[in-house]
1. Within 10 Å of each residue's Cβ, count the other Cβ atoms and sort His127, His154 from fewest upward.
2. Would you order Trp162, Trp126, Trp10 from fewest to most other beta-carbon atoms within 10 Å of each residue's own beta-carbon?
3. Give the distance, in whole Å, between the Cα centre of region 79-111 and the Cα centre of region 137-197.
4. Work out how far the C-alpha atoms of region 112-180 reach from end to end along every principal axis, then list the three figures in whole Å, largest first.
5. Can you give the extra length, in nm with one decimal, that the chain gains between Ala17 and Asp141 once fully stretched, where that is 0.36 nm per residue apart less the Cα-Cα distance?
6. Between Ser196 and Thr174, with labels modelled 7 Å along Cα→Cβ, what's the label distance in nm to one decimal, could you check?
7. Compute from the Cα atoms of region 80-195 the Rg and the Dmax, the latter being the longest Cα-Cα distance, and quote both in angstrom.
8. Collect residues whose amide H, placed 1.01 Å from N in the peptide plane, falls under 5 Å from the amide H of Ser196; neighbours closer than 5 in sequence don't count.
Amino acid sequence: MKKMGSRKNWYLIIMIAVVLLTMAWAPLHTMAAVISDLPPFPIPLPDLPPFPVPPPPALPNFPSPPGSPTSTSPEPYLKGARIMLQVTGQAVEGQSQIEANRAMWQTYAWEEMYTVVQWQDEVKAWHDVIGWRGALDEVEDYVGQKTWWFSEDHFGTGAFRWLVYDHVGGKLLTMSGLFTLPTLANDTLYVKVTLSP
């Protein structure tokens with residue numbers, strides 16, 4: 001009688017194993033169908049330049065005075081520096097700078113503000129720097145910011161000034177003081193302007 005009981009146990013174990021294998025086979029069969037739809041290995045990769053490659057910089061377009069030589073083949077520059085505009089609010093007596101900045105952004109839509117950098121020629125006339133016009137990049141800690149990069153060819157040049165308008169073609173809100181571009185690679189010159197709410 002004991003033999004019959006142990007046989008039943010074996011049959012039960014075999015039936016459970018068959019059921020489990022059947023349940024496992026269905027997902028494997030589905031996965032095999034999905035895998036057969038994938039492209040063959042190895043997947044060819046596009047031709048990539050050797051790593052690391054610095055991104056090409058955004059170069060300013062300085063208008064050339066009449067009769068001056070111009071470069072016809074711009075090259076990517078690896079050395080350069082930055083200028084960063086910082087737009088803050090005008091604090092009144094008893095008001096913190098953060099409160100003034102918050103109040104300013106309740107008055108002005110930073111996404112619509114438009115900035116222009118200008119350069120001054122030998123006869124004191126102002127000209128827009130063609131490549132240095134655009135909206136603010138971001139507002140960080142309630143300070144509006146716009147950054148431009150320039151190559152070492154422009155180190156120490158000036159005078160420049162930064163104009164801030166309420167929108168493209170709109171009303172002039174403020175103008176920075178005069179500044180000269182930095183003279184050291186990877187340097188950042190912070191140009192600060194203040195707006196009243």
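No lab work stands behind these numbers, since they all come straight from the coordinates. Being a predicted model, the structure only gives us computed values, none of them experimental. Positions of Cβ are backbone-derived with ideal geometry, glycine not excepted, and every protein chain shown enters the neighbour counts.
1. Values: His127 12, His154 20.
Ascending Cβ contact count within 10 Å gives the list His127, His154.
2. On the way: Trp162 26, Trp126 13, Trp10 9.
Exposure proxy ranking, most exposed first: Trp10, Trp126, Trp162.
3. For region 79-111 versus region 137-197, the Cα centre distance is 13 Å.
4. 34, 26, 20
5. On the way: separation 124, 0.36 × 124 = 44.64 nm, distance 6.37 nm.
Additional length available on full extension: 38.3 nm.
6. Inter-label distance under the simple model: 1.2 nm.
7. Cα only, region 80-195: 14.6, 45 Å (Rg, Dmax).
8. Those qualifying (amide H under 5 Å, at least 5 residues apart or on another chain) are Gln90.
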